[in-house]
Amino acid sequence: MLKIYTVILLCIVLLAGGCKKENPEPDPGPYIPLESTIIKGLGMNTPLTGKWDWVKAISGTFGTSNPVSTGIDEKVVFTNDSTMTIYHNNLYYYQFKYLYYINYKFGSRTLNMTAIGDSKYETVIKNDTLTFSTFEYGNYDQRIYVKLK
């Protein structure tokens, strides 16, 4: 009887050891087209560098909001070391790392794009106004800021 258990155990060990374990390919991270240029940190200023004051948000789902309707005075600071810090009512709220891309190819469009965490936003800066738009189809969301002097 012990011999049968030994043979069964040996078969199980051989079968388990002989199975090839699937090792998924490592996640390559965000897709970065060769034509785009990453501008980030390393002592470089980007067009985002500086302090920005939130003006309003426009959402296809939630409508329009602003500091008066939410009671939140939001300031965002982008530094040249790829750090974005958010303050709500002059109190530290959150910090992210960001990447800023110029000439990012998105379908047939070429645009500037900011990656913040796992999210990507079309980034438009005109004069002293910064607009982040969602970087996905079928969902329209924008956050608009003005640059503080």
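The numbers here are math on the coordinates, done by the rules we state, and not lab data. These figures come from a predicted structure and were not determined experimentally. Cβ coordinates were reconstructed from backbone atoms using ideal geometry, including for glycine residues, and neighbour counts include every protein chain displayed.
Over all other residues within a Cβ to Cβ distance under 15 Å of I86, the charged ones net out to +1, with Lys and Arg as +1 and Asp and Glu as -1. Here the Karplus relation 6.51 cos²θ - 1.76 cosθ + 1.60, evaluated at θ = phi - 60°, turns the backbone of region 96-107 into coupling constants of 10, 9, 9, 10, 10, 10, 10, 6, 6, 8, 10, x Hz, with x for every Gly and Pro.
The length gained on full extension between S65 and D53, counted as 0.36 nm times the residue separation minus their Cα-Cα distance, comes to 2.9 nm. Placing R0 at 22 angstrom, the Cβ-Cβ distance between D73 and I125 gives a FRET efficiency of 0.55 after rounding to 0.05.
For D73, the residues 5 or more places off, or on other chains, whose built amide H falls under 5 Å of its own are N89.
When you work out D = kT/(6 pi eta Rh) for region 55-149 at 10 °C and 1.306 mPa s, using the Kirkwood radius from C-alpha pairs as Rh and the Stokes-Einstein form, the result is 111 µm²/s.
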